[in-house]
Amino acid sequence: MNITITSLDNIREAAREFISQIGENRVFAFYGKMGAGKTTFTKAICEELGVQDAINSPTFAIVNEYEAGDGSAIYHFDFYRIKRLSEAYDIGIDDYFYSGNLCFIEWPELIEELLPENAVRVEIEELADGRRVVRM
């Protein structure tokens with residue numbers, strides 16, 4: 001499935017389309033170059049799921065927890081600054097990934113071997129004209 005984000009004006013619409021495709025999946029690994037829009041798209045998804053808190057990249061904290069509109073937890077990870085896999089283990093990564101709650105992961109390539117087998121690969125690519133394509 002491809003979702004095209006033409007501008008920030010339609011990112012919430014793109015997030016709704018993404019959410020409609022989630023199904024029973026809970027762990028989503030977002031791949032894309034720096035500046036491709038991983039954090040911005042994750043923020044739009046969380047907003048569409050009813051998160052009221054400020055949503056930002058957990059670059060230094062590694063994980064942020066949000067509460068969705070239905071009261072469930074959403075975990076947002078950013079492994080950009082991780083140096084060793086032991087850092088992921090130290091935060092209890094398995095507890096998050098197997099919690100049954102939504103997990104959105106930025107820079108999953110840095111912890112690839114720790115991802116659950118059923119993690120959904122999501123690629124975000126910035127096109128030359130500024131549009132983004134989300135492939136799931």
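The values are calculated or read from the model by the stated rules, or taken from the named source; none is laboratory data. Keep in mind it's a predicted model, so treat the numbers as computed, not measured. So basically every Cβ, Gly included, is an ideal-geometry build from the backbone, and we count neighbours across all protein chains shown. Accessible surface areas use protein heavy atoms only, side chains included; no ligands, DNA or RNA. Shrake-Rupley method; radii C 1.70, N 1.55, O 1.52, S 1.80 Å.
A few remarks follow.
- Meets criteria (open to solvent by 50 Å² or more (accessible area, probe 1.4 Å), free of Cβ contacts under 8 Å to residues at least 12 places away in the same chain, acidic (Asp, Glu) and part of a strand (DSSP E or B)) for residue 65: yes
- Out of 106, 123, sole residue that is under 18 Å from residue 46 (Cα atoms), within 16 Å of the chain's Cα centre (by Cα) and either open to solvent by 60 Å² or more (accessible area, probe 1.4 Å) or of a type in the set (Ser, Thr, Tyr) (or both): 123
- Number of the exception - residue 89 against (1) over 26 Å from residue 131 (Cβ atoms); (2) aromatic (Phe, Trp, Tyr); (3) crowded, with 19+ Cβ neighbours inside 10 Å: (3)
- Pairing residues of region 33-51 that are touching a residue at least 12 places away in the same chain (Cβ under 8 Å) with residues that are hydroxyl-bearing (Ser, Thr, Tyr), at Cβ distances under 6 Å and at least 6 apart in sequence or on separate chains, gives 39/57; 46/66; 51/66.
- Flag not set for residue 80, criterion: touching a Phe, Trp or Tyr at 6+ places or on another chain (Cβ under 7 Å), assigned to a helix (DSSP H, G or I) and either open to solvent by 10 Å² or more (accessible area, probe 1.4 Å) or farther than 21 Å from residue 121 by Cα (or both).
- Subset of region 89-103 [assigned to a helix (DSSP H, G or I) and within 16 Å of the chain's Cα centre (by Cα)]: 93, 96, 97
- Output for region 27-44, where each listed residue is open to solvent by 20 Å² or more (accessible area, probe 1.4 Å) and of a type in the set (Lys, Arg): 33, 43
- Among the residues examined, residue 55 qualifies as under 15 Å from the mean Cα position of the chain (by Cα), surrounded by 13 or more Cβ atoms within 10 Å (Cβ to Cβ) and assigned to a loop (DSSP other than H, G, I, E, B).
- Scanning region 32-71 for residues that are touching a helix residue (DSSP H, G or I) at 6+ places or on another chain (Cβ under 8 Å) and hydroxyl-bearing (Ser, Thr, Tyr), we see that the one that is farthest from residue 7 (Cα to Cα) is 66.
- Conditions (1) over 12 Å from the mean Cα position of the chain (by Cα); (2) open to solvent by 30 Å² or more (accessible area, probe 1.4 Å); (3) among the aliphatic types (A, V, I, L, M); number of the one not met by residue 19: (1)
- For residue 101, the test of being out of contact with any Cys (no Cβ under 7 Å at 6 or more places or on another chain), under 20 Å from residue 22 (Cα atoms) and surrounded by fewer than 19 Cβ atoms within 10 Å (Cβ to Cβ) is passed.
- Which listed residue is outside any loop (DSSP other than H, G, I, E, B), charged (D, E, K, R) and either closer than 17 Å to residue 110 by Cα or open to solvent by 30 Å² or more (accessible area, probe 1.4 Å) (or both), from 24, 13: 13
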